[in-house]
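The values are calculated or read from the model by the stated rules, or taken from the named source; none is laboratory data. Just so we're clear, the structure is a prediction, and the values are computed from it rather than from any experiment. Cβ placement follows ideal geometry from the backbone for every residue including glycine, while neighbour counts extend to all protein chains displayed. Remember, those area values only see protein heavy atoms, side chains included, never the ligands or the DNA or RNA. Shrake-Rupley method; radii C 1.70, N 1.55, O 1.52, S 1.80 Å.
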Amino acid sequence: MLLKESQHKLVKLPAWRRRTLLVLLLLSFMLLLGRGFYLQTLHKEYLIKKGEAFSRRKVVLMPHRGKIYDRNFKPLAISLPVESLWMNPTDVRMSVPQLKQVATLLEMRPKELQQKLQQKKKEFVFIKRRVAPDVAKQVMAMKIPGVFSQKEYKRFYPAADVAAHVVGFTGVDDTGVEGIELFRNGVLSGTTGKRDFVRDRKGHVVEDLVAVKLPHDGQDLVLSIDRTVQYIVHRELLKAVDKHQAKAAAAVVLDAKTGEVLAMVNIPTYNPNNPVNIAGKTRNSAIVNIFEPGSTMKPVTAAAAMEFGNYTPETKIQTAPGYLRIGTATIHDAHPNQVLTVSQVIQKSSNVGSAKMALDLDREQLWNTYLQLGFGAQTKIGFPGEAAGKVRNYKTWRPIEQATMSYGHGISVTLLQLARAYTVFANEGELLPVTLNKLSEPPVGRQVFSAKVANAVKGMLELVVQPGGTALKAQVTGYRVAGKTGTAHKLGPQGYEHDKYVGSFVGMVPASNPRLIMAVMIDEPNNGEYYGGTIAAPVFSAVMNDVLRMLVIPQDGNAMPTVNPAEMPEVKEAM
Amino acid sequence: MLGPLMMTRERYNSPSYDISLIWVVLSLLAFGMVMVYSASIAYADASKMFGHNSTYFLMRQALYIVVGLVAATIVFQVPMAWWQKMSPYLFIGGIVLLILVLIPGIGKVVNGSRRWISLLVMNLQPSELMKLFIAMYASDYAVRKATNMHSFTKGFLPMLGVMVFVGVLLLREPDFGAFAVTASIAFSIMWLGGVHIKIFLGMLAALPLAVVGLVVMEPYRLERMKGFLNPFDDPFDTGYQLSHALIAFGRGEFWGVGLGGSVEKLLYLPEAHTDFLLAVVAEELGFVGVLVVVLLFAWLVIRAFSIAKEAVANERYYGALLAQGIGVWMGVQGFINMGVNMGLLPTKGLTLPLLSYGGSGILANCIALSVLLRIDFENRRLQKGLNS
């Protein structure tokens, strides 16, 4: 025994002290159980919610947006995979040289990157969005903790400004803003998927809380557009606008057999890959703008006169003395003529001749003809903001209006409507619907005129590009061309503006069996020349010269252009 | 007298060891090992420092337990009389180690605290051994100074002086948790040894002053306080660790998400395998798991105190005080650790005895409980009329 007996007896270990201490310890354990019970039953919802803020992630799985192709499956719009780099600033461990290297790779200022790193309260900060995959790969190869890469898509338009108005473009959230991208957005975008999962602190998926909903990719679209034709039209239209200092221009090329739009071009244009400073440039004016077509309406008048009146191509009409009084108004021809046949009225574009034919017709009949040809109503081609044009009800027509409408004044159309109307002359009186989608078989048309009348008008249109006509410059070597020029004063707020014009030309080729129809419109030329035959017809000629050969369309005409004999002055059309 | 009663056959044939204590300790060790593994898989797997080896901590913890059990077996052979005789020397040895650990080059710094001495095979944490040595020293002191225990100057003051010295050494590391535990052990033994009740009442009054003093000395403690009161006010910085511990408790609900199913251990909750092991238990095994752990600790404390009661009956005062000191150690350290996990107490670096990962802790706990088992063993022998 270590303790001495005397000492031993003095040791007192009071039992109450032991009990007090034990009770104290056990009470503290009770406290723990109470706290644990509170946390794990009563307070759990709050804590679970707090936990989800850290570890639960709901992400939207982006579908792959459908591609847009031209009729030959050349891409017009594709979504390229790009990488968006992001970080969790609290987890990032980056040395100063590394920071500089990353900034250099991403073409950022190191200071900017440093600022983003300071956002410690956030768990998700984009370093840079939409980085080229190879650049992102180089950054990821540096293996910096807390830096991540996520796949995104960037819309790319290979045809750039050439097809901008038709294709349109998408916004930051990958939805269509203009053009086909907007109109067919539902089909192209597909449906997004969803994922709701628990992740660990490094971002790895631990478990899915809800079954993953996979995204459904958007569908591809095949347009009727031919990228090469589109390019040729764009090139020639740009040249014309430049040459004539025009404010704007538009052109539509249709497949004469199917009504498919092969090209649709507007100037000015913009780059859909970088749509900035685009105000006023994005309108596809061939579809959304209306204008008074002028003399390009005369063939419609002649056809109606032959179909519903007592006219034949050889019917003689007195156009002397070059003007016609109707009530208090007078209409003029540019050059006074004598007696003209119906064919010559078209060839020389006589307003008087056209008006006389129109006045011989029942006005309801004429109005109905316009409607039958699709004027005054949308073509339903499938494009956002399509205009309907204006054709007033026949009951409100006065005789002077009936007369001016016959040569395209007092009536407003879109360039697309005008081009479509000419399908009746290319297809023996049958009007075709127009479309921007590639068709697998020709559509069913609607008979507006008899084949005999339609072919007769087509013959007259061939005279227009012959000596004595208004559009010699529309000729294409090796092919027969049929077409009609138009020149009109623009309609301003105070009526017609005497120094602002729209020069146009609508033509088809080869005339023996038309394959292509093209309508060209040059808006406000400012270089002295403004007749459709002078400014619009050459565009037709230049485009067709290339396109006909590219499409290997058989020749049906002379190998040499027919020139105007020296003694014959160039014919200017009336306005 | 009880003599004839004690010599009954049943009493003689009863086991010489406290079998249930052995089983409870082994259960806690085994359960701790499973939970350490579960809590550390993702952490070890993700870290280059641990060779991306998911069993890194499991293997080491298993080794520590083996070392601890071997040490416990050896320690069990040592009679209490020897421990009592050696108490002052062991205590001096402990103080030497606490001084050594503060010397740069010998003491190893981890997370800003100089607490470890590298011994090639494993790191020794002197403060863990000090908890046992202070219990032995205080018990011996109370028995030696039994006549003067009621006196402030002769009984209490010398012990207070020693404790202040040890406290200064521990706070130099700093290791506030070990300081709290050693102080609790020493003052509990003083209390049990008969220090005058007025002294304790005075100390109770001085406690708030001491807390203020500590905060003034190390302002970071104030930050910890604030973080502990409202962890979700700043869940990315000062409240980060506790936020995630509490989230783990909430996620566990009553029955737990299942063993291995913790999300918070997936790199969100730092120190999940050491100081915050209970949070992982709470998440994976729910309130039921927490309840079992708390009850086992309560059982340990009750058992230590009843062994002490037996020792008092046998007039083995040193053993009685030491048994209670060990009980207070397990109880207070367990309470502080669990309280920290639940946001009842401010965060301090303190492991859960027998469960948390750590070589020194496991070794010290095994030795201490082996001593407790020895006290009980000697009680039983005395009751059988044998020599201790």
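Would you mind finding the one in A:87, A:94, A:108, A:62 that is more than 30 Å from residue A:226 (Cβ to Cβ), touching a strand residue (DSSP E or B) at 6+ places or on another chain (Cβ under 6 Å) and either touching a residue at least 12 places away in the same chain (Cβ under 8 Å) or within 14 Å of chain B (Cβ to nearest Cβ) (or both)? Steps first, answer last, please.
Numbers: A:94 fails: touching a strand residue (DSSP E or B) at 6+ places or on another chain (Cβ under 6 Å); A:108 fails: touching a strand residue (DSSP E or B) at 6+ places or on another chain (Cβ under 6 Å); A:62 fails: touching a strand residue (DSSP E or B) at 6+ places or on another chain (Cβ under 6 Å).
The unique qualifying residue is A:87.
Output the number of residues of segment B:25-80 satisfying the condition of being more than 14 Å from chain A (Cβ to nearest Cβ), within 18 Å of residue B:260 (Cα to Cα), assigned to a helix (DSSP H, G or I) and free of Cβ contacts under 8 Å to residues at least 40 places away in the same chain.
Adding up the residues that qualify gives 6.
Just for segment B:286-301: of the residues that are facing chain A (nearest Cβ under 7 Å) and aliphatic (A, V, I, L, M), which one is surrounded by the fewest Cβ atoms within 10 Å (Cβ to Cβ)?
Ranking the candidates gives B:291 first.
Does residue A:348 count as open to solvent by 20 Å² or more (accessible area, probe 1.4 Å), within 40 Å of the chain's Cα centre (by Cα) and not hydrophobic (A, V, I, L, M, F, W, C)? Working first, answer last.
Working: open to solvent by 20 Å² or more (accessible area, probe 1.4 Å): yes; within 40 Å of the chain's Cα centre (by Cα): yes; not hydrophobic (A, V, I, L, M, F, W, C): yes.
Yes: the conditions hold for residue A:348.
Among (1) without any contact (Cβ under 8 Å) to a residue 24 or more places away in the chain; (2) under 17 Å from residue B:350 (Cα atoms), where does residue B:119 come up short?
Residue B:119 satisfies every listed condition except (2).
Surrounded by 24 or more Cβ atoms within 10 Å (Cβ to Cβ) and on the phi < 0 side of the Ramachandran plot: which single residue out of A:253, A:276 fits that description?
Values: A:276 fails: surrounded by 24 or more Cβ atoms within 10 Å (Cβ to Cβ).
Only one candidate passes the filter, namely A:253.
Condition first: open to solvent by less than 60 Å² (accessible area, probe 1.4 Å) and assigned to a loop (DSSP other than H, G, I, E, B). Now tell me which residues in segment A:110-142 satisfy that.
Within segment A:110-142, A:123, A:132, A:142 meet the criteria.
Within segment B:336-388, how many residues turn out to be assigned to a loop (DSSP other than H, G, I, E, B) and either closer than 20 Å to residue B:270 by Cβ or of a type in the set (Lys, Arg) (or both)? Spell out the reasoning first.
Taking segment B:336-388 first, the residues assigned to a loop (DSSP other than H, G, I, E, B) are B:342-358, B:384-388.
Subset that is either closer than 20 Å to residue B:270 by Cβ or of a type in the set (Lys, Arg) (or both): B:342-352, B:355-358, B:384.
Summing the residues that are assigned to a loop (DSSP other than H, G, I, E, B) and either closer than 20 Å to residue B:270 by Cβ or of a type in the set (Lys, Arg) (or both) in segment B:336-388 gives 16.
Among residues belonging to segment A:256-273 that are open to solvent by less than 10 Å² (accessible area, probe 1.4 Å) and over 15 Å from the mean Cα position of the chain (by Cα), point out the one that is nearest to residue A:542 (Cα to Cα).
A:256
Taking the condition surrounded by 19 or more Cβ atoms within 10 Å (Cβ to Cβ) and among the aliphatic types (A, V, I, L, M), does residue B:183 pass? So that I can check it myself, show each step before the final result.
Numbers: surrounded by 19 or more Cβ atoms within 10 Å (Cβ to Cβ): no; among the aliphatic types (A, V, I, L, M): yes.
Spelling it out, it is not the case that residue B:183 is surrounded by 19 or more Cβ atoms within 10 Å (Cβ to Cβ) and among the aliphatic types (A, V, I, L, M).
Would you point out which residue out of A:56, A:35 is within 12 Å of chain B (Cβ to nearest Cβ), open to solvent by 50 Å² or more (accessible area, probe 1.4 Å) and touching a residue at least 60 places away in the same chain (Cβ under 8 Å)? Reasoning before the result, please.
Values: A:35 fails: touching a residue at least 60 places away in the same chain (Cβ under 8 Å).
Being within 12 Å of chain B (Cβ to nearest Cβ), open to solvent by 50 Å² or more (accessible area, probe 1.4 Å) and touching a residue at least 60 places away in the same chain (Cβ under 8 Å) holds for just one of A:56, A:35, which is A:56.
Against the definition (farther than 22 Å from residue A:368 by Cβ, open to solvent by 20 Å² or more (accessible area, probe 1.4 Å) and touching a Pro at 6+ places or on another chain (Cβ under 7 Å)), how does residue A:281 come out, yes or no?
On the way: farther than 22 Å from residue A:368 by Cβ: yes; open to solvent by 20 Å² or more (accessible area, probe 1.4 Å): yes; touching a Pro at 6+ places or on another chain (Cβ under 7 Å): yes.
Spelling it out, residue A:281 is indeed farther than 22 Å from residue A:368 by Cβ, open to solvent by 20 Å² or more (accessible area, probe 1.4 Å) and touching a Pro at 6+ places or on another chain (Cβ under 7 Å).
With the requirement that a residue be in contact with a strand residue (DSSP E or B) (Cβ under 8 Å, 6 or more places away or on another chain) and not hydroxyl-bearing (Ser, Thr, Tyr), what does segment A:530-546 give you? Steps first, please.
Going residue by residue through segment A:530-546, those that are in contact with a strand residue (DSSP E or B) (Cβ under 8 Å, 6 or more places away or on another chain) are A:530-537, A:539-541, A:543-545.
If the condition is that a residue be in contact with a strand residue (DSSP E or B) (Cβ under 8 Å, 6 or more places away or on another chain) and not hydroxyl-bearing (Ser, Thr, Tyr), then A:532, A:533, A:535, A:536, A:537, A:539, A:540, A:543, A:544, A:545 are the ones that fit.
Could you tell me which residue of segment B:17-48 is least open to solvent (accessible area, probe 1.4 Å), considering only residues that are over 17 Å from residue B:265 (Cβ atoms) and modelled with pLDDT under 90?
First, pick out the residues of segment B:17-48 that are over 17 Å from residue B:265 (Cβ atoms): B:17-30, B:48.
Among the residues that remain, those that are also modelled with pLDDT under 90 are: B:17, B:48.
Details: B:17: 99, B:48: 172 Å².
For segment B:17-48, the residue satisfying everything is B:17.
Considering every residue within segment A:51-68, establish whether at least one is at pLDDT 90 or above, within 27 Å of residue A:106 (Cα to Cα) and not hydrophobic (A, V, I, L, M, F, W, C). Reasoning before the result, please.
From segment A:51-68, those at pLDDT 90 or above are A:65-68; that's our starting set.
Applying the additional criterion that residues be within 27 Å of residue A:106 (Cα to Cα) yields A:65.
From what's left, not hydrophobic (A, V, I, L, M, F, W, C): A:65.
Checking segment A:51-68: at least one residue is at pLDDT 90 or above, within 27 Å of residue A:106 (Cα to Cα) and not hydrophobic (A, V, I, L, M, F, W, C).
Being open to solvent by less than 20 Å² (accessible area, probe 1.4 Å) and among the small types (Gly, Ala, Ser), is that true of even one residue in segment B:50-62?
Checked segment B:50-62: no residue is open to solvent by less than 20 Å² (accessible area, probe 1.4 Å) and among the small types (Gly, Ala, Ser).
Those residues that are among the basic types (Lys, Arg) and more than 8 Å from every other protein chain (Cβ to nearest Cβ), I need them from segment B:228-273; list them, please. Walk me through it before giving the result.
Step one: list which residues in segment B:228-273 are among the basic types (Lys, Arg), which gives B:251, B:265.
Residue satisfying the conditions is B:265 alone.
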